[in-house]
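Peer 1: The structure that follows is given in the form of structure tokens.
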Amino acid sequence: MNFLDPVFLFFFPAAFAAVHATPRRYRYLPLLAASCLFYGWRTPAVTVIPLLCTVWTWAGGAALGKAMQAEAEGRAFPFLFSPNVLFRFFFLSNILLLAVFKYAGFFSAALGCPLDLAAPVGLSFYIFQSSGYLGSIRRRELPPERNILRYAAFVSFFPTLLSGPIQRAPELLPQLQGKSRTAPPDYRTGFLLFLWGIFGKLVVSAKLSAVTSAVFASPDSFSGAACLLAAILLSFYIYVDFASYSDIAAGCACMLGFPVGANFRTPFLSSSLKEFWNRWHISLNRWFIENVYIPLGGSRKGALCRYRNVLFVFLLSGAWHGSAGHFVVWGGLNGAAMILEELLASALRKKQSVIEAPESGGRLSSALLLWLRRLAVLLVVSLNFIFFGAASVRDALRFLARILSIRLPDITGFMPTSLFGWDRNVMYQTAAAFLFFLLVQYQRHEEGAALRRFQRLPAVLRHMLPAVILTLCIFAACAQTARTNTAFLYYRF
Amino acid sequence: MRHLSRSRTPAHKNLLRFLLYVLSVSALALGAVAGIFLFLVARPADVFDHSYQSEIQVRYRKLLRTGSPKIIILGGSSATYGIDEALLEEETGLPVVNLGLYASFGDVIPTELSKANIGPGDIVIAAYEYGWNKEDNFDTVGPDMVLSGFDSHLSMYRHIPLRIWPQLIGYLGTFREKKAQYAADPGEDIRGTLFDEEGRLILSRPSGSLHYDPDAENANPQDVTDSRIADDTARYLRRYRRFVEKHGAQLVFTAPPLLDKALVGTAEDLRALAANEESAAGIPYISDPAAYLYPEEYFYDTVYHCSEEGAALRTRMLAEDLRRFRGF
């Protein structure tokens with residue numbers, strides 16, 4: 001099941017009722033049942049692998065906890081191995097499961113005996129969440145969860161199960177344990193988030209996808225300027241699709257009474273690549289930082305070590321997206337760009353007094369500079385995303401060559417309707433939906449600001465505006481009834 | 001007497017306010033969708049009056065005013081071109097209501113429309129064109145046909161099953177444009193040319209008009225080698241059969257007429273398909289489908305459209321099948 005399956009319209013209210021009808025400290029039980037139903041709806045057998053992973057990591061957490069306790073008390077290790085060895089064993093074996101599913105096909109094909117091993121949907125996120133739990137125990141952020149059912153409810157938390165955001169155990173487990181929060185959850189915020197995510201997916205992302213897939217399928221049919229615009233739209237498409245999914249997930253979680261954090265914070269308002277990656281897929285970046293970057297040494301062992309770790313994390317992130325080479329290249333390019341940015345920034349800081357204009361004037365206004373930097377970030381990220389969106393490294397290089405072949409006539413003679421099958425109506429609709437989406441997302445760049453503005457509106461508008469969004473979503477969903485692909489972009493990771 | 005007061009906690013009140021909010025937003029949205037649908041469909045009225053598919057309105061009205069017992073035919077345009085209604089009435093002594101107009105409506109549409117008036121003694125003859133048994137085919141409608149065929153006749157829309165509505169709503173944007181174009185220029189009166197006031201086809205269809213080229217782009221070969229019946233379709237037909245029988249009527253299957261050269265498969269494949277249809281839906285198949293394969297001379301312009309002679313032949317065969325089945 002996914003959020004756009006018609007059956008979800010019946011499933012979620014039932015899950016909502018079951019969860020809220022249960023006393024708070026036992027809500028993990030209906031939540032676990034709902035998560036199993038959500039995941040195994042079409043094929044119950046797919047729940048086997050996540051179930052094994054759950055039991056394995058729960059046992060690993062329990063063993064790790066006992067070993068850490070023994071270490072703290074100066075006793076002999078109950079399982080003969082130190083906490084570090086136990087942690088690495090359980091953590092890496094869990095990750096190995098993911099690696100097997102992701103790369104078995106690649107390596108077996110290279111060895112001449114192709115093996116078709118389809119990973120259960122969302123396995124990556126399941127494994128990251130359970131591995132992160134082990135990491136949290138090791139870092140003493142929380143004790144091991146004794147109740148395996150509650151732990152299972154955490155790992156299988158259905159709003160974020162398939163494509164994240166990856167939940168940190170110290171944030172979600174206490175909620176499942178029924179520990180009180182400072183304020184009751186705002187269910188209405190959850191509903192608005194959910195609705196906004198559906199709008200982003202059905203209306204905006206679908207339109208952007210139509211444009212980018214047409215150009216990436218046949219770049220030679222389009223001018224260099226069109227290819228450049230398509231590359232920029234691709235990065236926005238990935239953002240809209242994934243951010244919308246994250247909003248739907250966060251909205252569902254909030255309505256169930258278990259609010260989760262944001263996964264994107266208007267990344268295209270970033271004025272540096274470092275800022276961009278702090279705002280993009282926040283939960284995954286945080287996971288890589290806590291479980292890969294910092295254990296490797298982070299920034300603690302000098303600049304060269306830091307650059308190595310940054311590059312390694314980005315390469316790993318690229319490899320996680322897929323076994324195909326273009327994903328790894330994409331990751332590597334992002335890592336290299338980050339390092340280059342830092343080197344440039346460092347060099348510029350040393351020469352800052354040289355570039356400062358004299359007092360009489362000539363200094364670029366800070367606002368203009370800020371938007372130029374944002375544009376630079378957008379361009380770098382978009383050019384790198386070509387390797388993400390293309391089918392292979394060769395296709396990506398071909399696409400890039402098309403962009404680099406831009407001449408002045410390409411720009412002056414560029415017709416935007418060429419990207420929309422020469423249909424002006426489709427172009428206007430896409431532009432309107434996209435700009436509206438960006439406008440609202442811009443309001444959200446300051447956390448809670450958009451919501452506060454919304455709550456200050458008259459009651460009529462607080463009802464009408466979401467009703468208009470929902471109406472557009474209904475029409476968009478109905479228009480797609482002939483289409484079969486409602487899968488979110490990140491399902492395949 | 002102790003009074004038990006049920007006071008709501010703040011958490012309950014919060015939850016209740018939230019549920020009311022969701023319900024009100026959802027109601028507003030659904031109301032907007034319904035309002036937009038009605039606005040686009042109802043005004044201006046009867047824009048597609050000259051179209052072929054609008055003939056379904058005449059046939060529907062005939063269904064409503066025809067008492068029982070009667071014969072109701074379901075299918076596509078093969079039923080319009082392949083049934084001489086006057087001849088069938090003569091052969092069976094029963095009035096005939098032919099809801100088979102255009103396969104592009106989707107098989108589910110005439111089937112659902114028929115429910116408007118089924119009474120004791122009626123015979124409902126399902127003569128769907130081949131391919132309906134495949135996954136999702138039965139439920140796939142042509143939203144353009146339904147919206148332009150039903151047009152502003154709102155009472156007909158109540159027969160459309162809920163699961164079909166998304167297809168219609170999704171088409172509304174395009175329908176709006178088509179309606180504007182058609183209102184500006186309705187073109188020739190196709191309906192008036194093809195049908196009389198009773199909804200009978202009066203088009204002259206001489207035999208030997210069709211010259212079939214199997215390699216042509218519009219050859220439309222009919223592949224019957226896969227005789228499986230989709231589970232959802234079988235379930236639907238079983239429910240429909242129970243509906244028909246509950247109203248004192250009978251439901252039977254028959255074969256559509258088909259150009260023999262257009263068949264992909266054998267006579268045995270056809271019979272296997274018929275047998276599967278009978279067992280999956282519990283609906284008797286009263287014909288030998290292989291007998292409804294005709295040579296080119298009995299067709300007019302497509303592999304399913306009989307000439308007048310072909311229609312007469314098919315009608316007599318159908319009447320004979322009905323006699324055998326019902327003993328007229």
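The values are calculated or read from the model by the stated rules, or taken from the named source; none is laboratory data. Since the model is a prediction, treat every value here as computed from it, not as a measurement. We place every Cβ from the backbone using ideal geometry, glycine too, and count neighbours over all the protein chains shown. Surface accessibility is based on the protein's heavy atoms, side chains included, excluding ligands, DNA and RNA. Shrake-Rupley method; radii C 1.70, N 1.55, O 1.52, S 1.80 Å.
Peer 1: Looking at (1) within 30 Å of A:F191 (Cβ to Cβ); (2) open to solvent by 30 Å² or more (accessible area, probe 1.4 Å), which one does A:I289 not meet, given that it meets all the others?
Peer 2: Exception for A:I289: condition (1).
Peer 1: May I ask you to list the residues in the stretch B:85-111 that are more than 8 Å from the chain's Cα centre (by Cα) and not in a loop (DSSP other than H, G, I, E, B)?
Peer 2: B:E85, B:A86, B:L87, B:L88, B:E89, B:E90, B:E91, B:T92, B:V96, B:V97, B:N98, B:S104 - these are the residues of the stretch B:85-111 that are more than 8 Å from the chain's Cα centre (by Cα) and not in a loop (DSSP other than H, G, I, E, B).
Peer 1: Taking the stretch A:301-323 only, how many residues are modelled with pLDDT of 85 or more and either in a loop (DSSP other than H, G, I, E, B) or in contact with a Ser or Thr (Cβ under 6 Å, 6 or more places away or on another chain) (or both)?
Peer 2: 2
Peer 1: Could you please find all residues in the stretch A:238-259 being touching a Leu at 6+ places or on another chain (Cβ under 7 Å) and not in a helix (DSSP H, G or I)?
Peer 2: Answer for the stretch A:238-259, where residues must be touching a Leu at 6+ places or on another chain (Cβ under 7 Å) and not in a helix (DSSP H, G or I): just A:F258.
Peer 1: Out of the stretch A:276-299, which residues are out of contact with any helix residue (DSSP H, G or I) (no Cβ under 8 Å at 6 or more places or on another chain) and modelled with pLDDT of 90 or more?
Peer 2: Matches in the stretch A:276-299: A:I282, A:S283, A:R286, A:I294.
Peer 1: Then there's this: Checking the structure you have, find out if any residue of the stretch B:84-98 is surrounded by 15 or more Cβ atoms within 10 Å (Cβ to Cβ), without any contact (Cβ under 8 Å) to a residue 24 or more places away in the chain and within 14 Å of chain A (Cβ to nearest Cβ).
Peer 2: no
Peer 1: Evaluate the stretch B:40-61: report whether one residue or more is within 14 Å of another protein chain (Cβ to nearest Cβ), open to solvent by less than 60 Å² (accessible area, probe 1.4 Å) and modelled with pLDDT under 95.
Peer 2: yes
Peer 1: Any chance the stretch B:5-12 includes a residue that's within 14 Å of chain A (Cβ to nearest Cβ) and not in a helix (DSSP H, G or I)?
Peer 2: Yes.
Peer 1: Right, next: Give the stretch B:164-175 a look and list any residue that's at pLDDT below 90 and either among the charged types (D, E, K, R) or open to solvent by 50 Å² or more (accessible area, probe 1.4 Å) (or both), or say none.
Peer 2: The one that is at pLDDT below 90 and either among the charged types (D, E, K, R) or open to solvent by 50 Å² or more (accessible area, probe 1.4 Å) (or both): B:T174.
Peer 1: Residue by residue through the stretch B:283-312, note down the ones that are in a loop (DSSP other than H, G, I, E, B) and under 27 Å from B:L237 (Cα atoms).
Peer 2: Across the stretch B:283-312, the qualifying residues are B:I283, B:P284, B:I286, B:S287, B:D288, B:V303, B:Y304, B:H305.
Peer 1: Looking at (1) away from chain A (no Cβ under 14 Å); (2) touching an Asp or Glu at 6+ places or on another chain (Cβ under 9 Å); (3) surrounded by fewer than 21 Cβ atoms within 10 Å (Cβ to Cβ), can you tell me which one B:F18 breaks?
Peer 2: (1)
Peer 1: Does at least one position in the stretch A:400-421 carry a residue that is more than 18 Å from A:K201 (Cα to Cα) and touching a Cys at 6+ places or on another chain (Cβ under 7 Å)?
Peer 2: Yes: one or more hits.
Peer 1: A follow-up question, please. Give me the helices (runs of 4 or more DSSP H) completely within the stretch A:99-178, filtered to those with at least 3 residues that are out of contact with any helix residue (DSSP H, G or I) (no Cβ under 8 Å at 6 or more places or on another chain), farther than 19 Å from A:A319 by Cα and modelled with pLDDT of 90 or more, ordered by residue number.
Peer 2: Correct list: A:169-176.
Peer 1: For B:D215, state whether it is over 28 Å from B:V303 (Cα atoms) and open to solvent by 80 Å² or more (accessible area, probe 1.4 Å).
Peer 2: No; evaluated as a whole, the condition is false for this residue.
Peer 1: Something else now. Considering only residues that are among the charged types (D, E, K, R) and loosely packed, with under 12 Cβ neighbours inside 10 Å, which ones fall in the stretch A:364-418?
Peer 2: A:R394, A:R407
Peer 1: If I ask for residues that are of a type in the set (A, V, I, L, M) and at pLDDT below 70, which ones from the stretch A:328-365 would you list?
Peer 2: Those that are of a type in the set (A, V, I, L, M) and at pLDDT below 70: A:V354, A:I355, A:A357, A:L364.
Peer 1: A follow-up question, please. Looking at the stretch A:149-177, which of its residues are open to solvent by less than 10 Å² (accessible area, probe 1.4 Å) and more than 19 Å from the chain's Cα centre (by Cα)?
Peer 2: Hits for the stretch A:149-177 are A:Y151, A:A153, A:L173, A:L176.
Peer 1: What number of residues in the stretch B:190-203 are open to solvent by 70 Å² or more (accessible area, probe 1.4 Å) and under 16 Å from B:L87 (Cα atoms)?
Peer 2: Matching residues across the stretch B:190-203 total 2.
Peer 1: Just give me the residues in the stretch B:21-39 being among the aromatic types (F, W, Y) and within 7 Å of chain A (Cβ to nearest Cβ), in sequence order.
Peer 2: Within the stretch B:21-39, just B:Y21 meets the criteria.
Peer 1: Is it the case that the stretch B:264-275 has a residue that's free of Cβ contacts under 8 Å to residues at least 24 places away in the same chain, buried (at least 16 other Cβ atoms within 10 Å of the Cβ) and of a type in the set (A, V, I, L, M, F, W, C)?
Peer 2: yes
Peer 1: Could I ask something else about it? Where in the stretch A:373-469 are there helices (runs of 4 or more DSSP H), lying wholly inside it, with at least 2 residues that are in contact (Cβ under 8 Å) with a residue 40 or more places away in the chain and among the aromatic types (F, W, Y)?
Peer 2: Qualifying helices (runs of 4 or more DSSP H): A:424-443.
Peer 1: In the stretch B:47-70, which residues are part of a loop (DSSP other than H, G, I, E, B) and not aromatic (F, W, Y)?
Peer 2: Once the filter is applied, which keeps residues that are part of a loop (DSSP other than H, G, I, E, B) and not aromatic (F, W, Y), the stretch B:47-70 yields B:V47, B:D49, B:H50, B:S51, B:Q53, B:S54, B:T66, B:G67, B:S68, B:P69, B:K70.
Peer 1: Would you point out which residue out of A:F10, A:F38, A:F90 is assigned to a helix (DSSP H, G or I), of a type outside the set (D, E, K, R) and open to solvent by 70 Å² or more (accessible area, probe 1.4 Å)?
Peer 2: A:F10
Per-residue answers, yes or no, for (1) of a type in the set (G, A, S); (2) touching a Lys or Arg at 6+ places or on another chain (Cβ under 8 Å):
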position	(1), (2)
B:V124	no, no
B:D151	no, no
B:P166	no, no
B:G170	yes, no
B:E177	no, no
B:D189	no, no
B:L194	no, no
B:E198	no, yes
B:H211	no, no
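Peer 1: Any chance you could count how many residues in the stretch B:313-328 are out of contact with any strand residue (DSSP E or B) (no Cβ under 8 Å at 6 or more places or on another chain) and assigned to a helix (DSSP H, G or I)?
Peer 2: 8
Peer 1: Consider the stretch A:50-60. How many of its residues are among the hydrophobic types (A, V, I, L, M, F, W, C) and buried (at least 17 other Cβ atoms within 10 Å of the Cβ)?
Peer 2: Final tally of qualifying residues: 2.
Peer 1: With the stretch B:125-230 as the region, which helices (runs of 4 or more DSSP H) entirely inside it contain at least 2 residues that are within 14 Å of another protein chain (Cβ to nearest Cβ) and without any contact (Cβ under 8 Å) to a residue 24 or more places away in the chain?
Peer 2: B:165-184
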